[in-house]
1. If you stretched the chain out fully between residue 185 and residue 92, how much longer would it get, using 0.36 nm times the residue separation minus the C-alpha to C-alpha distance?
2. Tell me, in nm to one decimal, what length is gained between residue 208 and residue 121 on full extension, where the rule is 0.36 nm per residue of separation less the Cα-Cα distance?
3. Please state the shape class of the chain: rounded when a/c is under 1.5, otherwise prolate if a/b exceeds b/c and oblate if not, all from the C-alpha gyration tensor.
4. How much length is gained on full extension from residue 163 to residue 215, taking 0.36 nm per residue of separation minus their Cα-Cα distance?
5. If each residue's Cβ is checked for other Cβ atoms within 10 Å, how do 82, 242 rank with the fewest at the top?
6. Are there chymotrypsin sites (Phe, Trp or Tyr not before Pro) in the range 190-285 that DSSP puts in a loop and that have at most 13 other Cβ atoms within 10 Å, and which ones?
7. Report the FRET efficiency, 1/(1 + (r/R0)^6), for residue 49 and residue 156, where r is their Cβ-Cβ distance and R0 is 35 Å, rounded to 0.05.
8. Note down the relative contact order for the chain as a percent, whole number, built from C-alpha pairs under 8 angstrom at least six residues apart.
Amino acid sequence: MEQRLTPATALLLTLPPLLWAGNAVVGRMVSPLVPPLALNFMRWAIAFVVLLPFAWQLLRASSPLWPRMGRFAVLGLLGVGCYNALQYMAVKTSTPINVTLVGSSIPVFMLAVGALFFRQQITRRQVAGALLSIAGVLLVLSHGDLRHLRDIHFVTGDLYMILATAAWALYSWLLTRPGDPAEIRANWANFLMAQLVPGLAWSGLFAAAEAAVGSQPFVWGWPLVAALAYIALGPAILAYRCWGQGVQRAGPNVAAFFSNLTPLFAALFSAAFLGEPPQAHHAAAFALIVAGIVVSSRRRA
């Protein structure tokens, strides 16, 4: 039965892209103040402390988390340890607009991962949509001049974001695998905490390696403290909670369209706070990516 999209549900699904776009912009703003892997670790450490009163029971010795730690260690590596760390590394050399637009190519990576590792059948309509999305990504990476694709030199941040998007696609597919204990899956706080426990260990290991090779110094002050509070409470906890509720109400197919609001919000935030106004090729790329998602998501009658 088709679920109706109410204004309340639309608000739930709009808030996470708004917060995720802010995450990319804030990450760019504080990149001179803190190393990217340390930023990712501190973000999730704060989220862990905030989440602890809601999911402390999951840390008990009798918790169903520990027998399933292998699965959640992989989820924590991809979703907590890799995705956001790569995004923060990306915004040091790329713009938030580029980062979120490249991230909007997630349907392409979802198709590829599903076909390669999960025996998912790909339709011609999905291939057409994927080609449109790829065209949008190429438009971003070529900075609007497709004639120069042969001579393109990737910005390091763009490459990091491609890796992050691939990691998120694999993470998303692994989320669909059955077998999680009901105590974990049925409660949003428990499910996030189950990924945070190993994910925090991964991100801490990466931050320690970053410090060992000689990373940039910290510049402590209210801008960094405010940024940490925002990225821990907003994009990590609040966005996750709203997205989960919105998907349950409207279904994943409807929710997928809302995720592509992220580049639009990132462009607005970049213009307002970073002095990086969107260019014509950003609008064209966004249109191509959205067109690709619409085409690939439609079902034949």
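1. Here the segment from residue 185 to residue 92 would lengthen by 29.9 nm.
2. Numbers: separation 87, 0.36 × 87 = 31.32 nm, distance 4.12 nm.
Length difference between fully extended and current span is 27.2 nm.
3. oblate
4. Values: separation 52, 0.36 × 52 = 18.72 nm, distance 2.13 nm.
Roughly 16.6 nm would be gained on extension.
5. On the way: 82 23, 242 19.
Final ranking by Cβ density, sparse to dense: 242, 82.
6. Working: sites: 191, 202, 206, 218, 220, 230, 240, 243, 257, 258, 265, 269, 273; in loops: 218, 220.
Of the chymotrypsin sites (Phe, Trp or Tyr not before Pro), the ones in loops of the range 190-285 whose Cβ has at most 13 other Cβ atoms within 10 Å are 218, 220.
7. Details: r = 32 Å, r/R0 = 0.93.
For R0 = 35 Å, the calculated efficiency reads 0.60.
8. Working: 412 pairs, mean separation 125.4, N = 301.
Relative CO of the chain lands at 42 percent.
Each value in this text was obtained by applying a stated rule to the coordinates, not by laboratory testing. Treat the numbers as computed from the prediction; the structure is a model and nothing was measured. Neighbour counts run over all protein chains shown; Cβ positions are idealised from the backbone, glycine included.
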